[in-house]
Amino acid sequence: MKRRRFLQIVAGAVLAGGAAQASTWQGRAFGADLQITASGDLPLEAIKAEIAAIEATFSLYAESELTRLNARGVVPGSARLREVLAVARRVHDRTRGAFDPTVQPLWRALAEGGNERMARAAIGFHRVRVGHEIRLARGQALTLNGIAQGHAADAIARLCEDAGLGPCLIDMGELRALGGPFRIGLEDPTAGQIAQRSLSSGAVATSSPGAIWLAGGSHILGPHGQVPRWSTVSVEGATATLCDAASTAFVLMERHDILPAARRLGLRTVMLVDFDGNLERLTL
């Protein structure tokens, strides 16, 4: 799935320690553009191998561990899949179910004209069992598109850190920074760029229901019939994995529910853009 980007690196953003030689690499991951900028030589072979391993775990469009789980209903479960499911569970619980990877059958039903009633009946992340194996309930399938790109950004950041690189910015739509500061712009699909912010040693993820449209509405599906409440939600926190999932959930939540959920998740900042283009920054 190709998602429109709503975070942009501001022109003229400077790597901290500007005397260092900056190197930039551009590639593809999960069908989207990937750009990494760092002061130093990037460990490209390790990065490419990591991307391949992540796609072999989470892709819905090629043979992967996730497609095997969806087809069979049970897999032993790699450490990588278990790690991401643990974060997904945390966000699901803290958002009272607004983030729910079991919406995949509903996504397919809406996209392909399938049985929407049966698809909705299969929703319920609380029924996914993670023990000595990972097991889905009858009729269930998972999508981790709302969290896997964040996981990839964090994994690449770890490789860059292990290589001893200084300031580094990974841009996969979600942004993950080591060091900084980096200036980034927040965009809304209707209002355009509405804010700029500085990012240092953390992550920012942004979700917008207008990025992709299905027959039944936005690609961000409410597991309990919720509809998007915000045009754009941007979340800053320690990891891109957490921010990616949280921004997806918050699109479906009311302001008075977002604030305590963000605090429970340990996030730094949440920015909300309503459908009239008004921007609000929540104080956590």
> Would you say Ala111 is crowded, with 22+ Cβ neighbours inside 10 Å and within 30 Å of Glu50 (Cβ to Cβ)?
Replying inline: no
> Among all residue pairs at least 6 apart or on different chains, which show Cβ distances below 7 Å where the first residue, located in the stretch 88-107, is under 21 Å from Gly266 (Cβ atoms) and of a type in the set (Val, Ile, Thr) and the second is modelled with pLDDT of 95 or more and not in a helix (DSSP H, G or I)?
Replying inline: Val91/Phe99; Thr95/Met253
> Just wondering, is there one or more residues in the stretch 210-222 that are buried (at least 20 other Cβ atoms within 10 Å of the Cβ), touching a helix residue (DSSP H, G or I) at 6+ places or on another chain (Cβ under 9 Å) and at pLDDT 95 or above?
Replying inline: no
>> Please count how many residues of the stretch 20-71 are at pLDDT 90 or above and within 14 Å of His151 (Cα to Cα).
In response: 12
> Only one of Leu159, Leu199, Leu144, Leu136 is modelled with pLDDT under 95 and either within 20 Å of Pro105 (Cβ to Cβ) or crowded, with 19+ Cβ neighbours inside 10 Å (or both); which?
Replying inline: Leu199
>> Scan the stretch 122-130 and tell me whether some residue there is under 24 Å from Ala56 (Cβ atoms), of a type outside the set (A, V, I, L, M) and loosely packed, with under 14 Cβ neighbours inside 10 Å.
In response: yes
>> Checking Val75 against (1) in contact with a strand residue (DSSP E or B) (Cβ under 9 Å, 6 or more places away or on another chain); (2) crowded, with 19+ Cβ neighbours inside 10 Å; (3) β-branched (Val, Ile, Thr): exactly one of these is not met. Which one?
In response: (2)
> Restricting the first residue to the stretch 247-269 and requiring it to be more than 13 Å from Ser208 (Cα to Cα) and among the β-branched types (Val, Ile, Thr), which pairs with a second residue that is part of a loop (DSSP other than H, G, I, E, B) and modelled with pLDDT under 95 meet a Cβ separation below 8 Å and a spacing of at least six or different chains?
Replying inline: Thr269/Leu284
> Hey, among the residues in the stretch 227-284 that are within 25 Å of Met172 (Cα to Cα), among the β-branched types (Val, Ile, Thr) and surrounded by fewer than 22 Cβ atoms within 10 Å (Cβ to Cβ), which one's farthest from the chain's Cα centre (by Cα)?
Replying inline: Thr269
>> Checking the structure you have, find out if any residue of the stretch 145-164 is in contact with an Asp or Glu (Cβ under 8 Å, 6 or more places away or on another chain), over 21 Å from Ala245 (Cβ atoms), part of a helix (DSSP H, G or I) and of a type in the set (A, V, I, L, M).
In response: yes
> Considering only residues of the stretch 74-101 that are assigned to a loop (DSSP other than H, G, I, E, B) and not acidic (Asp, Glu), which is farthest from Asp257 (Cα to Cα)?
Replying inline: Pro76
> Out of all the residues in the stretch 251-274, is one or more of a type in the set (Val, Ile, Thr), out of contact with any Phe, Trp or Tyr (no Cβ under 9 Å at 6 or more places or on another chain), modelled with pLDDT of 90 or more and over 19 Å from Thr37 (Cα atoms)?
Replying inline: yes
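The values are calculated or read from the model by the stated rules, or taken from the named source; none is laboratory data. Note that the coordinates shown come from a computational prediction; the quantities given were computed from them, not determined experimentally. All Cβ positions, even for glycine, are placed from backbone atoms using ideal geometry, and neighbour counts span all protein chains on display.
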